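Taking it in order: structure first as structure tokens, then the write-up.
The values are calculated or read from the model by the stated rules, or taken from the named source; none is laboratory data. Since this is a predicted model, take the numbers as computed values, not measurements. Because the Cβ atoms are built from the backbone with ideal geometry, glycine has one as well, and the counts that use them run over all protein chains shown. Only protein heavy atoms, including side chains, enter the accessible area calculation; ligands, DNA and RNA are left aside. Shrake-Rupley method; radii C 1.70, N 1.55, O 1.52, S 1.80 Å.
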Amino acid sequence: MTQLIAFLNELQPLSSPLQEAILAATVRTRLPAHHLLLKPGQVARQVYFLESGLVRGYTLLHGREISSWFMQQGDFVISILSFFTQQPSEEYLELLETGTVYAIHFDELQRLYREFPEFNFIGRKLIEKYYVLSEQRAQHLRSRTAAERYEALLRDFPTIFQRVAVQHIASHLGMAPETLSRLRRRY
């Protein structure tokens, strides 16, 4: 739990009562590879912090898996639309590796926001961080070449090819696996 508390303390120093409340509201679980944290039709009732492991967010389009994002240890994982609207999800959240997650339920998060106003600052900073990442990805898909998207991914996530299947990486980059293979050979 110290990794989660340390991460949050970097955003905003936590008071002792807030640290205790976070610890009491959070459940630590070790889960196997390929475990689905969420699937379409379910409502995302939890936000996760990854102590270890790797999660992929993806949707199905005409039977094909389209990877939207990858999050690794030290990241928060959430189905944004489903969690914040409390409506059924259209995406899958899959652990690609065995991992340890800390989960906090939607209702507990709301209680922490109400009871600890300083926690709202942390929530805002996290939303800003992940919104920026989402916007960067959208811009990259619209305005960068396949080679530029590939280079950026390697710069941001150098171990991705050791941890993620090529077809998942290709769909994330918006290209065919064959195109990705050609880029890998070139670099």
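Annotations for the structure displayed:
- In degrees, nearest ten, helix 117-143 long axis to first principal axis of the chain (Cα): 10
- For region 105-173, fraction of C-alpha pairs farther apart than 19 Å, in %: 52
- The C-alpha atoms of the chain define a longest principal axis, and helix 146-156 lies at about 40 degrees to it.
- Cα-based helix-to-principal-axis angle, 106-115 vs the chain, degrees rounded to 10: 50
- Within the accessible surface of region 12-54, defined with a 1.4 Å probe on protein heavy atoms only, the carbon and sulfur portion equals 52 percent.
- Estimated at the nearest 10 Å², the accessible area of Lys129 is 80 Å² with a 1.4 Å probe.
- Each of Arg185, Arg144, Arg149 has its accessible area taken with a 1.4 Å probe; listed largest first, they run Arg185, Arg144, Arg149.
- Residue-normalised accessible area of the chain, given per residue in Å² at a 1.4 Å probe: 55
- Top positive-direction residue, dipole computed over the chain with Cβ charges, set Gln73, Phe7, Phe119: Gln73
- Near the amide H of Leu96, within less than 5 Å, lie the amide hydrogens of His34, Leu54, Val55, Arg56, all on another chain or at least 5 residues away, with H placed in the peptide plane.
- Measuring r between the beta carbons of Arg184 and Glu128 and using R0 = 35 Å, the FRET efficiency lands at 0.55.
- Fully extending the segment from Gln19 to Thr98 would add 25.8 nm, taking 0.36 nm per residue of separation and subtracting the current Cα-Cα distance.
- With a 1.4 Å probe rolled over the protein heavy atoms of all chains, the accessible area of Asp107, Asp75 falls in the order Asp107, Asp75, largest first.
- 222 nm mean residue ellipticity, helices alone, for the chain (DSSP H n ≥ 4; -39,500 (n - 2.57); rounded to 500): -15500 deg cm²/dmol
- Phe7 versus Phe106: modelled label distance in nm, points set 7 Å from Cα along the beta carbon direction: 2.1
- By definition, a body whose alpha carbon gyration tensor gives a ≥ b ≥ c is prolate when a/c is 1.5 or more and a/b is larger than b/c, and region 44-129 fits this prolate description.
- Full-stretch length increase - Arg144, Arg28 - with 0.36 nm per residue and alpha-carbon distance subtracted: 37.9 nm
- Cα-based shape type of the chain, given that a ≥ b ≥ c are square roots of the gyration tensor eigenvalues and the cut on a/c is 1.5: prolate
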